[in-house]
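Chemist: One structure coming up, written as structure tokens, with questions to follow.
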Amino acid sequence: MENSEDIKNVVLLACGSFNPITNMHLRLFELARDHLHATGKYSVIKGIISPVGDGYMKKGLIDAHHRVVMAQLATKDSNWLDVDAWECQQKTWMETVRVLRHHRDKIGLNEAFKKDSNFSDTNLQKRKRRRSLRDSVGSSESKTSLDTFNSEQTKRASRKMSDSGSPELKLLCGADLLESFAVPNLWKEEDIVEILSDYGLVCISRAGSDAQKFIYELDVLWQFRRNIILVTEWIQNDISATKIRRALRRGQSVRYLLPSSVLDYIERHCLYTQASEECNANVILAPLQKVSTFMSFPSISL
Ligand SMILES: Nc1ncnc2c1ncn2[C@@H]1O[C@H](COP(=O)(O)OP(=O)(O)OP(=O)(O)O)[C@@H](O)[C@H]1O
Ligand SMILES: NC(=O)c1ccc[n+]([C@@H]2O[C@H](COP(=O)(O)O)[C@@H](O)[C@H]2O)c1
Ligand SMILES: [Zn+2]
């Protein structure tokens, strides 16, 4: 049994198109949280969904405003998932490592603010005593469901957060995103190193991807393998946003693949048509554009 002082608070950040958000995106967070809690080493206090900006230029990517609203609808009933629009409000597409830096700074600032107000409070000792009394009352109650367990973990973690160091921020992704690290020119090696060494990755298995083999094959992943937490989804579910958009274009039902509030929103705003899928059809993906600009530079100077 781990000493509760050794349990690290974790915030999970998922970056992606969320075009549209699906039940599987929500499942990623649940799976990651269960897995991290089961290790006895972590307490997941928050999950953040960060939809990519329109400047990402991915084919079929609809306006960020709609993707943010859909993600907000999908997480409305969750007490630990949040949608953060900072990334998609930036003027241009930005590397994932910069999104991580932003969120880590934000977490750090919140922590500093909490500490500041705690120190200036002369009743700090009294409040601590009240809190420990509340904790001991809470621990005598019988817990029956996993949900109760998780929400207790979350509450405990939130309390701990104000008492101890900053929570760790980790990037949450599916195995296909991990595999995209090997796509030439898509990710800068130094970004991969920073993501793995300074933050760490929680990676959920995905049909068609073999994350373990992939870590073995890619040197940089192998080097930082201790910072990659692999989670196996035993109830496999191959929901993909691409397939959902395809079904919608063909007038096929996608009910139960995404939250009904999201589906209602899609229908009300007539999102995902043949025309929307043609968006960015002949445009190079932003990360690749950055690299091709860099690569064409020497030829200009010739
Ligand atoms: N079925 C799934 N299993 C595991 N991970 C998933 C699954 N669907 C999405 N993810 C993960 O969710 C994150 C956001 O993914 P994204 O928005 O690209 O969704 P997607 O369903 O893959 O969409 P698209 O088909 O448009 O690429 C990524 O890390 C991706 O790997
Ligand atoms: N170099 C990078 O930082 C880099 C490259 C490719 C994709 N990404 C990110 O990964 C996510 C991928 O999303 P999709 O799977 O929807 O394409 C997006 O958030 C995107 O910004 C980052
Ligand atoms: Zn994807």
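Nothing in this text is a laboratory measurement; each read-out follows from the coordinates by a stated rule. The shown structure was predicted, so the numbers you read here are calculated from the model rather than taken from an experiment. Cβ: placed from backbone, ideal geometry, glycine included. Neighbour counts: every protein chain shown.
Chemist: Hey, what D do you get for segment 184-278 in µm²/s if you plug the Kirkwood alpha-carbon radius into Stokes-Einstein at 37 °C and 0.692 mPa s?
Modeler: It comes out at roughly 201 µm²/s.
Chemist: Moving on to the next point. Rounded, prolate or oblate, given the Cα gyration tensor of segment 166-212, with a/c below 1.5 counting as rounded?
Modeler: oblate
Chemist: What Kirkwood radius, in Å to one decimal, follows from the Cα pairs of segment 1-74?
Modeler: Every distinct Cα pair counted, the radius reaches 13.8 Å.
Chemist: How far, in nm, would the chain grow between His65 and Asp198 when pulled straight, counting 0.36 nm per residue and subtracting the alpha carbon separation?
Modeler: Net length gain for the segment: 44.8 nm.
Chemist: At Glu111 and Val183, where each label point lies 7 Å from the Cα along Cα→Cβ, what is the point-to-point distance in nanometres?
Modeler: My value for the distance between the label points is 3.3 nm.
Chemist: Let me ask something else. How would you classify segment 226-287 from its alpha-carbon gyration tensor, with a ≥ b ≥ c the square roots of the eigenvalues: rounded for a/c under 1.5, else prolate if a/b is greater than b/c, otherwise oblate?
Modeler: The shape class here is oblate.
Chemist: How would you rank Val220, Val97, going from fewest to most other Cβ atoms within 10 Å of each one's own Cβ?
Modeler: Least to most surrounded, the residues fall as Val220, Val97.
Chemist: Can I ask one more? If I model a spin label as a point 7 Å beyond the Cα along the Cα-Cβ vector, how far apart are those points for Lys243 and Lys76 in nm?
Modeler: Going from the Lys243 label point to the Lys76 one covers 2.6 nm.
Chemist: What is the calculated FRET efficiency for Glu278 to Arg255, with r their C-beta to C-beta distance and R₀ = 30 Å, to the nearest 0.05?
Modeler: My answer for the efficiency is 0.75.
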